[in-house]
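Visitor: Here's a structure for you.
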Amino acid sequence: MADYKKLYMQYMDENGIKYKDVKEHVVRVTYGGDHLNSIPVYVFFDKDNDPMVSFRCWEIANFKEKPEKGIETCNKLNSEYRWVKFYIDNDSDVICQADAYIDENTCGEICRKMVSRIISIADDAYPVLMKALWAD
């Protein structure tokens, strides 16, 4: 069975893309956007090398003081973006997440495209989240 994390890191190295090997099954890729200076996306590979990969970004917004407004805003964003889902975790952070199936031949390219998609959508969603967070 393929080691998808290793294949992804090899792809990143070959293409000069910076990343951080965070844990045994996790890689972090960070880019800047138009609205957020730093958008880290964590790529979670299955510990049993199943070809399912999860992409998550959680350093977008926190609705600790307005949890119902956060849920409402996530629902709005979910109706606008079909490639990702937004939700509030136990710490009241907004999570932007997507999952993808990969294979040995396309692992690097698919993961890179998914990371780019998460970054783009999280950056686009940031003003909407901030407006909801700071509006009266």
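Visitor: Give the lysines reachable from Lys64 as a straight Cα distance under 25 Å; neighbours fewer than 8 places away on the same chain don't count.
Guide: Excluding near neighbours in sequence, the set is Lys76, Lys85, Lys131.
Visitor: Residue-wise, which Karplus ³J(HN,Hα) couplings in Hz belong to segment 13-28, taking 6.51 cos²θ - 1.76 cosθ + 1.60, θ = phi - 60°, and x for glycine or proline?
Guide: After applying 6.51 cos²θ - 1.76 cosθ + 1.60, I find 4, 5, 9, x, 9, 6, 7, 10, 7, 7, 9, 3, 10, 9, 10, 10 Hz.
Visitor: Counting other C-beta atoms within 10 Å, and keeping those with at most 15, which DSSP coil GluC sites (Glu not before Pro) do you find in segment 69-136?
Guide: Of the GluC sites (Glu not before Pro), the ones in loops of segment 69-136 whose Cβ has at most 15 other Cβ atoms within 10 Å are Glu104.
Visitor: Which of the lysines could be linked to Lys18 by a straight reach, that is with a Cα gap under 20 Å, when you skip same-chain ones fewer than 8 residues away?
Guide: Result set, ordered by chain and number: Lys5, Lys6, Lys113.
Visitor: How much accessible area per residue does the chain have, in Å², with a 1.4 Å probe?
Guide: 59
Visitor: Which residue, Ile17, Ile102, Ile119, tops the fluctuation ranking in a GNM of the chain built on C-alpha contacts under 10 Å?
Guide: Residue with maximal mean-square fluctuation among Ile17, Ile102, Ile119: Ile17.
Visitor: Determine ³J(HN,Hα), in whole Hz, for all residues of segment 64-72 in sequence, where each value follows from phi through the Karplus function 6.51 cos²θ - 1.76 cosθ + 1.60 and θ = phi - 60°; x replaces Gly and Pro.
Guide: Calculated HN-Hα couplings, in order: 4, 7, 9, x, 5, 5, x, 5, 4 Hz.
The values are calculated or read from the model by the stated rules, or taken from the named source; none is laboratory data. On a predicted model such as this, the values are computed, not experimentally measured, just so you know. Cβ sites come from the backbone with ideal geometry, for glycine too, and all protein chains shown count toward neighbours. Note: areas computed on protein heavy atoms with side chains; ligands, DNA, RNA excluded. Shrake-Rupley method; radii C 1.70, N 1.55, O 1.52, S 1.80 Å.
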